[in-house]
Structures are given as C-alpha cells and as structure tokens.
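Engineer: Below are the structure tokens for one structure; questions will follow.
Any read-out appearing in this document is the output of simple, stated calculations on the displayed coordinates, not a laboratory observation. Every value quoted in this text rests on a predicted model; they were computed, and no experiment measured them. When we count neighbours, we look across all protein chains shown, and the Cβ atoms used for this are built from the backbone with ideal geometry, even at glycine.
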Amino acid sequence: MNVLLRFITKNVAGSVETTDRRIDAPVITIGRATDQILQLRDRRARLQHARLEEKDGKLSISTSVAAGLTVNGRSVREASLVPGDVIEVGANILRVLDAPADADFALSFELSPDADREQLAASWAAGTKGLGGFTKRKLSWLAVVIVVVSTFALPALVFLGPDTASLVRDSGFLPDDDLWLAGPLHAAHAAAGTDCQNCHAKPFIRVQDDSCLACHTVSRHVMAGQPGQAGAMSGGLPVIGSVRCASCHVEHEETAELVNSNQQLCGDCHSEPPVSDEFGVAGDFLDRHRGFRVQLLVPDTQPDGKLDWHAERLSLADTQTAERSNLNFDHFAHLDPEGIVTPDGRRVLECSNCHTPEPGGARMQPITMDKHCSTCHTLGFDPDAPSRVVPHGDPPAVVQTLIEYYSARLLGDEPDVTGQRLRRPGKPLTRAQRDRAAAEARDKAMTVAADLFERRACSTCHVVTQSDEHPQLPWKVLPVRLASEYLPDALFSHAQHGTDVAGCGDCHNAAKSESADDVLIPDINVCRDCHGSGLAQRNKPAQVQSTCILCHNFHSADKGTVGDGRKL
C-alpha cells in the first residue's frame, strides 16, 4: 500500500511546519524501536507497539499490547480507520486524512502540545536502584568496555605471534579470534582448513579478489572503457570492476548455496533504462525484461565473390523471417500429419527424427546429410544403378564422378545396359574411339549434372546459381551456415525442458513454418508460461522462481577487463 505520512512540528517561534514522506509497504510498523517504520517518542510506548495494514480496502490498525491504544477516545486492540479518526499512543497523535489521488491512504503525525518532556526523553543521569546508584550512562559505558575487551582486545592477542595464539586458544576460558567467525565454512572450502589467513590475508581487511584467484582462475563479468581507467564508461554504463567476488559468493553462511542468487544483485543496476541499446532493462523476468534478441549469421559478398559471415544481434520481433542461411527447407511439409513420401513408402516424421540432443542435453547435435537426410533425399543419378551415388558437399567431385562413371560405361568397365558400349572385350580402342568416348561421357555427365544441380537433388535443399568461377562447373552451390547459438548470453538446457516437461511444439512453432528463413526461437511470453518472477511471492503456483543467474552466467571471458586493466 502507498501511504502519505505528514509530520507536523512546531519551531521555536511557534509556527507550524509540515514534512511529507511516502511509504510503499504492505505493513507500517509503529513503535519506539529503531527498526520501526514510524518511530514513537514516548517512553510509555512499546518497542513494537502497533501496525498499520490494508484489509478489505480499508486502513486497519492493530496492537498486541494488553492496554491497547486509543482510537477516537476509546481503548481498542484493533480498528478499521476512516478519514477523521484520531489515534493516540501516549503523547503521539496520528490523524487519518483524506488520501490524495496518488496515494492509498494518508495520515498526519504530531506530538501532543501537553506532552511532558520527561515522557519524551530517557533520564540517563538519574541513579539506578539496586546497582549502587550508578547512572544509566555510566552503566552503558561499562558495558561498552566489557564488550570491546571480550570481543576485540582479547581475541586480538592471537596476532602477537604463534606462542601467544596457542596460549589464548589453549587457555579454555579466554575468547580467541574464533569469536569473530560469522558462521561455518562452506563445504566447498572445507579443504582450506581452519587457518583464517588463507583468505583473510590482512587483519580487519575484507577478503580481496587476489585471495580467491589464488585457487579460482575465472573471468568476471565486468565492463570497462580503456584499460587502467577506473570509472570509465562502456555502452553508457559505469565500470563495475569494483564488485568483489565476495559480493556474490557469501561465505560463513548457513545456507547450502555458496552463490548469492539475490535478484537485486543484478536488478539494482539493470532495472533502469540504460543509455545504450546494447543493454536492455532487466529488473525482473516476469514483467521488467525486454524481449529476446537473437544472434544470426549474416552473409556478406566479398569482391572476389566469396561469402564472409558475421554475427548480428536482432530483436526477435524483427527476425521471424530473417535467417539467410542459404538453406531451402520446409518444416510444414516435413511435419505433415499424413506423412511424407520416401523411397520406402509414406513415413510420418517427428522432431526427434532429426533433432538429437548432444551429450548432456544442453543443445542439439548438428544436422548432417548422411545421418538425417540421405534416407529420403538420395543422391542417386542412374535408375539402372540405384546404388551408385554422387558425393555430397563437393560440386567438382560430383561432375568428376559422373564423367568417370559414364566413361567406364562406354569403355566396357561397367555393365552395359544401354547398348552404348564402344569397346568389345579383347579389342583396344583407336584414338578416335577414345576421343569419342571422352566427349560422349562428358556430355552425358553434364546433362545428368544439370538435372542434379538444377532440378531434383541439390536445388531441393540448397540455393544453386549459375557461375563461371570454375571452367568445367557452370553451377555454384551457396554454402549453408546456421547459427549454433541463437541466444549466446543465455543459459539453456534442453535436458531440463525435455518432452516429459513440454513437447517441442509447445515452444517451437515449427509445424507452421514454410521457410528455412523463419527463426523458431520462442518469444519471451512463451517462457513466462512456466518461468515467473525472481520474487517467489509474485508467482503463480505453476511458475518457477526465475532470478537473473538462472539464465545468465556472471563469469564470462569476453566481457572485458577489471577497472585497472588486469584480465581476470
């Protein structure tokens, strides 16, 4: 709830001053303790005296104090409040006001003009009964001395040398530096032993990154301008090289996780719009995270006619038909529920027939002609010899294979099924016959090659163009390049999203894709069906709590150097 608190005070001249404060919290605590949102100034109030919260659209106040609190002159333990109500706690007066348009509720807070000064301030100078007349101030200083000696001075004796350290630790009654231990070591660091100096190199100085890097050789996710320029800017964001390892890896904690996965570790900086478009808003995955940007390979034609590919990041909304891979492929036809026609009859295909997870399940193994396509797309060229095929992926070798095959047929080295054999067994060929055989073999080979390249084999899956680059090869098959990682900055594993959790079609709309140019990465809203906020209380029961580090890796070798230019 959004509450406007108006503090009313009187200055020495007697004029009234007001100060407004906005509070956005589900509960407003009231009491004399320092951790209370609204602190009372009367010694008669409890440390935790009451609480304000919204119930059924109304502001409600409640207290656990037996004497209750005064609302409109009546002592109550709980009450629903409306504008005009007055709450009194000793000399503290709260009035419910009419809320402005931009607030849910409004209250004023002031001290009663009849408040006794003795009620508002503790008497530190008065003697304490039963303690020899010591004042509260003297007792407080005595307590400070005892705490400092027992928790600082005596434990610090261990730094005077190993003999003194052993004396202190073996005494059995003197506190040593173990008193400062915030908690047990994490199991991953148990091998480091109990010597604090393995990590705490200097007394009373927090653990530095050099202590961590002595064992862990990792790169950090940092952004820097020119090496050596602390505070430099990169992409509109300040250097975060000052972030220590221990900022995220919290040691001496009772939790089983050494990694601090608090959403705010990333959200504090990434929740606001950056200056550069390179970094988008990412405060929370559920409702403050921009749409996915995929990395595609884009071909550039060089002056020599060759293709040079470079990676380009584009918004997924702008890339539904943007992948120029030079591949001709139709998911819609291959996933026809009625099946496709193959040399062995009609066959119904599923995604798993071609897409196989790699060991570990993170990504999919590459699609290859021999393993995934050749069963249906054969490279045979002669119906009379169906077992003979041309090689895949080497156009000059295709033409050479055809020339050699038809030359052998004409010369009698292959079974004659056409009646075109020129040489009879035991008779040598004349020069004219050899020239005729070579010419006829080449003509036949080029005719069959034209059929393969332009109509029924290569052009089925590849982009084939006319070319004069090769004197004996008038065709050019454009190379196929597919992105191996569409979301390179994201952590994703198909093993955790297997068919027992979701079917392929639940995320990838391949069944309706009629072009290989379609980018079939699911939209962020598809992921939000299962993945929710980094704050568990905001999620539906079926949603997985999704903090930043669930999908993003902090340690990254390609994210620059630390502020002093040193590569981690």
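Engineer: Can you tell me the order of 297-304, 530-537 when each peptide is scored by its average per-residue count of other Cβ atoms within 10 angstrom, highest first?
Structural biologist: Values: 297-304: 10.6, 530-537: 16.6.
Going by the mean number of other Cβ atoms within 10 Å, highest first, we get 530-537, 297-304.
Engineer: To continue, here is another question. In the neighborhood of residue 144, defined by Cβ-to-Cβ distances under 14 Å, what is the net charge if each Lys or Arg adds +1 and each Asp or Glu adds -1? Don't skip to the end; give the middle numbers.
Structural biologist: Details: positive: 136, 137, 138; negative: none.
Result for the local shell: +3.
Engineer: Still on this structure: Can you pull out the trypsin sites (Lys or Arg not before Pro) in region 300-361 whose DSSP state is coil and whose Cβ has at most 16 other Cβ atoms within 10 Å? Spell out each step's value before the answer.
Structural biologist: Working: sites: 306, 313, 324, 346, 347; in loops: 306, 324.
Those that pass, being in a loop and sparsely packed, are 306, 324.
Engineer: Let me ask something additional. Out of residues 5 or more away from residue 290 or on other chains, whose amide H comes under 5 Å of its own, with H placed 1.01 Å from N in the peptide plane?
Structural biologist: The answer is 281.
Engineer: Just report the Cα centroid separation between region 344-377 and region 156-172, whole Å.
Structural biologist: Value for the Cα centre distance between the two parts: 69 Å.
Engineer: While we're looking at this one, here's another question. Kindly flag which residue pairs out of 371/476; 58/540; 444/512; 10/58 have an alpha-carbon separation exceeding 29 Å in this structure. List each step's numbers first, then the result.
Structural biologist: Values: 371/476 24 Å; 58/540 26 Å; 444/512 41 Å; 10/58 31 Å.
Check vs 29 Å cut-off fails for 444/512; 10/58.
Engineer: Now for a separate question. Specify whether the C-alpha gyration tensor of region 316-371 places it in the rounded, prolate or oblate class, a ≥ b ≥ c being the square roots of the eigenvalues: rounded for a/c under 1.5, otherwise prolate if a/b is larger than b/c and oblate if not. Could the numbers behind the result be given before it?
Structural biologist: Numbers: a/c = 1.92, a/b = 1.24, b/c = 1.55.
The shape class here is oblate.
Engineer: Whole-Hz ³J(HN,Hα) for each residue in region 350-361, computed from phi via Karplus 6.51 cos²θ - 1.76 cosθ + 1.60 with θ = phi - 60°, x for glycine and proline: what do you get?
Structural biologist: Per residue, the Karplus-derived 3J(HN,Hα) values read 10, 4, 5, 5, 10, 9, 10, x, 6, x, x, x Hz.
Engineer: Another one. Tabulate in residue order the Karplus-calculated ³J(HN,Hα) for region 523-537, using 6.51 cos²θ - 1.76 cosθ + 1.60 with θ = phi - 60°, rounded to whole Hz; enter x for Gly and Pro.
Structural biologist: 5, 4, 5, 5, 5, 6, 4, 10, 9, x, 6, x, 9, 4, 5
Engineer: Which of rounded, prolate or oblate describes region 1-105 when judged by the alpha-carbon gyration tensor and an a/c cut-off of 1.5? Write out the running numbers ahead of the final one.
Structural biologist: Details: a/c = 1.44, a/b = 1.06, b/c = 1.37.
In terms of gyration-tensor shape, rounded.
Engineer: Leaving out same-chain residues fewer than 8 places away, which aspartates and glutamates sit with a Cα under 14 Å from that of residue 55?
Structural biologist: Those aspartates and glutamates meeting the cut-off are 78, 104.
Engineer: Residue 63: net charge of surrounding residues, Cβ under 11 Å, Lys/Arg +1, Asp/Glu -1, itself excluded?
Structural biologist: With Lys, Arg at +1 and Asp, Glu at -1, the net is +2.
Engineer: If contacts are Cα pairs under 8 angstrom and at least 6 residues apart, what is the relative contact order of region 2-120 in percent? Walk me through the intermediate numbers first.
Structural biologist: Working: 251 pairs, mean separation 27.2, N = 119.
Answer for region 2-120 is 23 percent.
Engineer: Turning to a different aspect of this structure: Take peptides 462-470, 544-552 and line them up by average Cβ neighbours within 10 Å, highest first, as a rough protection proxy.
Structural biologist: Working: 462-470: 13.4, 544-552: 17.4.
The most tightly packed comes first, giving 544-552, 462-470.
Engineer: Let me ask another. Students often get this wrong: which residues of region 141-183 have the backbone nitrogen under 13 Å from the point 7 angstrom along Cα-to-C-beta of residue 251?
Structural biologist: Zone members listed by number: 181-183.
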